[in-house]
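What follows draws every value from the coordinates through simple rules; no lab data is involved. As the structure is a prediction and not an experimental result, all values here were calculated from the model. With ideal geometry, Cβ positions are generated from the backbone for all residues, glycine too; neighbour counts draw on all protein chains shown.
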């Protein structure tokens, strides 16, 4: 008899400890200040809990999440929503969140805000973790995150291979059609090469040939055929002695090449000596290659590099496209899609939506490496009628740069420095039917203050339908034990498509 | 009751016990005096070491602390756990922060060294007459830290002062623990268990401890004549396999490093052997110590008295430690000036420089006398040159870092153009085999205070990438962000510092400023940084040479909105280049923007010298003392012919060391780094 009473008492005590929604409150017209800002956002139906911190001053906090008949009450200024309860709430439709804060013995009830579950999103993303440094790269890793939870794993880290005197930079992870059996990234310097997984088989290649200016840099894997388009770049960086933009990354030369995976050979796509061609991106059908290009006419002499830095803010890139027949590997002529340079603007990172209608890119007053340009914003062009607009609903006064479409075209993930101006964070936004976007929200983290305390940047967010299955040790072992195989050179096939 | 108990004791065993007690008493009798003496000697040495560390090496200890980091937050600890030895690193970083108060940090360290000696003696059964040998690991740990010198700027870990000391203590744990386990199978199980648990926490120290247990078993086997090889084999196999297995759970190191992970790491391979050697010796010693101790125990009839062994061992250890102890007065001065710069105490920085120079005046005079005496006996010019070169290092000469710190401080005090050339100058190389670039030491300080904020950001970031976060980089990143009014960013770093023990208050004081631009504009150091930020943006890179970069920066195109402070700095850097055209150009700007009753003395001297060199004496208002000094200089030159600048430097310096004339003629071909 005593034992059941004891447990009953214990249960009552626990119940007394769990947060209670206060009865009498003073209403506050505004939604509460929370971090990250998840007020009135549309989120994927399979996203991890949107944990947040309440920024309002107070000595006690209660948060009530309601969805249909389901209610979840949580206490504390850090609102950590259990995954099970979160999933239960999402199933019932929009979630209303009301925050109560006790201050000076008075409870204040803030305006409710809504979190609206919508279309599903690809369950995985990958990104590079890097400190926003200038030249050093001691600790780099390409990680994958299950965004339906908070699980994060390393795909490959340079520390698994490099040593004290032989550093290794890793970058440009990229997937074919959101799958991970066909993927690539570059390992630079020590034991370097382009690491390709072709149907799960690893290959390490050296894409530099005598006929190209560098190894492959920014990749675009052909959606239907075994080709990868790359830019080749002679890149330099320098530091702004004063001003908001700290670092400038500029090309001295850049071209486009095509890597034929089956024949292990590269061919030139574009190499106009008066143009800096960069950032290739395929249309979903693989019959059009989009890229950016800037006009720059200067002699190829020893002063070229210095001249590029003197003229850095006059180098502007416009959007181009070029037809391609993947069956015959034949190129048509290039044509300009959007001449933003003539408007005093510079576009980079074109990415076409999976339905082929929209082309999103980032735009700043000059240059090509917009992650270091605070003015950089996301823009979009409707390929059906060529209307262009700045995506003001996504942009902030700080940088918006790299972006990636989800495989269903309903979501975009993009990198931004909006939180502090220095560290790149990932934000997601839903695309509405009319081509506008809902309010972007930060990639959820288990600790809502994570973004504030984490002293690394997220780089190149890419959606994936599945996780990378090759283990970090397999990559490390392969990179350590394999010489990069040289590639052959193919002639470019050209045809007038008229 | 007691008697009845004893009455049941077998007679044979009772006599055996009695013999043991007598033997033990005898042993105590014999050893009591040397033990007491040794304890006394230990305490005296410990006290001396503490005094030296706390009151003579206090700047070094504070620099070690400044370049380390410990935060009371879960993220910091979790981040440390991403590599085997992470817990040791956290514990080491926790203790390293107490070097902020050198008397306290050094006291904790010395106590841990004493503990290491005590436990070494116990773990390896070092015979009492050789108990001084148990201080060998402590001596190696002292050498590893105090021989570091400039290496402190390139250490990749933040716990190197305490980490290896704690690591060594953990090596002894399994050795001591196994002694209390009687069954062989249990011992083997324990050592496997220990390696599994300890390797993720302590890295290489777990491997060393595991191997040491195996070697202890070999010793026991030799002594007891047992044939069992279980424990040595299990230890060896465990030490090999556990890192191999654990490697699969990490992505933060190479497989080849799995057996050395947890040792202090550095970014420069040229320093690897120098810095890594003590740790490898220490761990090798810990592994073979049971055998060495066994050899000592086997020496039944020692010829040398115990006290002599102790004295000789202590003397050898003391001499060895002293020989490896990094001693360089310039390094010490740099560290002290660096601290003053960190706290924006400009006058203190200048005073430290002056004191360092003044303190060497007597030894300079002695060196000069000795050199003169040698030269008088020389038979050829080559021999004179050789003697001059050999004596060069005996004269005081500041490093470029000292000069850069001093010039910055003088500019902030608005005394640079009067005093910068009246103080000693030069470019003495660092007293170390490999030179550490000035950028690693002082770039963030120089760039922050000269208003080159993006360069300050660059060096903070590079340092954070290369060497990990430190109190110093977090502070300077916060300062950078406050100067550039990036308050969210400043808050990020200040939040980190708020969770530290000794920088909490500093962070709080800075937090009160963030967001209040008008308050920042009137608060030091920001008030005195702002006037330097008047230049137009241009693309630049310092190529790891801050002095050259600063000269080029200030002598580049004149800013449209140049401030008096900027023009003063530009004129100073122009005078440093000894380029006559640059001087005249910058003098014009200086005269236009600055208000003064009389031109600063060094400027007058430079103007007088340059105009007379150009045979076109500019009609400026020269002080009579300046003209007289220049005339005296010329007379002295005529009456004291110069065989070589190096040789003539000292007597000329005695007469004219405080003039720009001396600087112009004698401070030549400086190498910055």
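In which sequence would A:125, B:580 go, from the one with the fewest C-beta neighbours within 10 Å to the one with the most?
Going from least to most buried by this count: B:580, A:125.
First check a/c for the protein assembly as shown, with a ≥ b ≥ c the square roots of the eigenvalues of its C-alpha gyration tensor; if it is under 1.5, answer rounded, and if not, answer prolate when a/b is larger than b/c or oblate otherwise.
Working: a/c = 1.70, a/b = 1.09, b/c = 1.56.
Since a/c reaches 1.5 but b/c is at least a/b, the shape of the protein assembly as shown is classed as oblate.
Give the order of B:505, B:496, A:151 when sorted by the count of other beta carbons within 10 angstrom, beginning with the fewest.
Placing the least packed residue first, the sequence is B:505, A:151, B:496.
When the helix-only estimate is applied to the protein assembly as shown (DSSP H runs of n ≥ 4, each -39,500 (n - 2.57), divided by the residue count), what is the mean residue ellipticity at 222 nm, nearest 500 deg cm²/dmol? Write down the numbers at each step before the final one.
On the way: 38 runs with 508 residues, N = 1171.
Here the helix-only value at 222 nm equals -14000 deg cm²/dmol.
Taking each residue of B:457-466 in turn, how many C-beta atoms of other protein chains fall within 10 Å of its C-beta, and what is the average?
Numbers: counts 7, 7, 2, 1, 10, 6, 2, 7, 11, 8.
Mean shielding by partner chains, rounded to a whole number: 6.
Output the 0 to 90 degree angle, nearest 10, between the alpha-carbon long axis of helix B:453-467 and the longest principal axis computed from the alpha carbons of chain B.
Between the helix axis and the principal axis of chain B, the angle is about 20 degrees.
Mind checking the mean number of beta-carbon atoms from other chains within 10 Å of the Cβ atoms in A:130-142?
Per residue, the average neighbour count from other chains is 5.
So for each of B:429-435, A:205-211 I average, over its residues, the number of other beta carbons within 10 Å; can you give me the resulting order with the highest mean first?
Those peptides, ordered most packed to least, come out A:205-211, B:429-435.
At a threshold of 8 angstrom on Cα-Cα distance, excluding pairs fewer than six apart, so keeping six or more, what relative contact order does the stretch B:599-673 reach in percent?
34
Return one number: the angle in degrees, 0 to 90 and rounded to the nearest 10, between the long axis of the Cα atoms of helix A:472-481 and the longest principal axis of the Cα atoms of chain A.
Orientation of helix A:472-481: about 20 degrees from the principal axis.
Quick one: helix B:471-483 against the long Cα principal axis of chain B, what's the angle to the nearest 10°, folded into 0 to 90?
30
When a/c is below 1.5 the answer is rounded, else prolate if a/b is larger than b/c, else oblate, so apply that to the stretch A:298-448 with a ≥ b ≥ c taken from the square roots of the Cα gyration tensor eigenvalues.
oblate
Would you work out the relative contact order for the stretch A:112-221, in percent, from Cα pairs under 8 angstrom that are 6 or more residues apart? The partial results should precede the final answer.
Details: 177 pairs, mean separation 16.4, N = 110.
The normalised contact order for the stretch A:112-221 reaches 15 percent.
Between the alpha-carbon centers of the stretch B:48-94 and the stretch B:513-557, tell me the distance in whole angstrom.
Cα centres, the stretch B:48-94 to the stretch B:513-557: 32 Å.
What is the mean number of Cβ atoms from other protein chains located within 10 Å of the Cβ atom of each residue in peptide B:249-262, rounded to a whole number?
Taking the mean over all residues of the peptide, I get 4.
Just rank B:393, B:80, fewest to most, by other beta-carbon atoms within 10 angstrom.
Neighbour counts put them in this order, fewest first: B:393, B:80.
Give the distance, in whole Å, between the Cα centre of the stretch A:65-120 and the Cα centre of the stretch A:264-299.
Between the Cα centre of the stretch A:65-120 and that of the stretch A:264-299, the gap is 49 Å.
Counting pairs of alpha carbon atoms under 8 Å apart in space and at least six apart in sequence, what relative contact order in percent does the stretch B:512-579 give? Can you show the working numbers first?
Values: 41 pairs, mean separation 20.5, N = 68.
Contact order relative to length: 30 percent.
How much of the DSSP beta bridge set in the protein assembly as shown is antiparallel, as a percent to the nearest 5?
Looking only at bridges with both residues in the protein assembly as shown, the antiparallel portion is about 90 percent.
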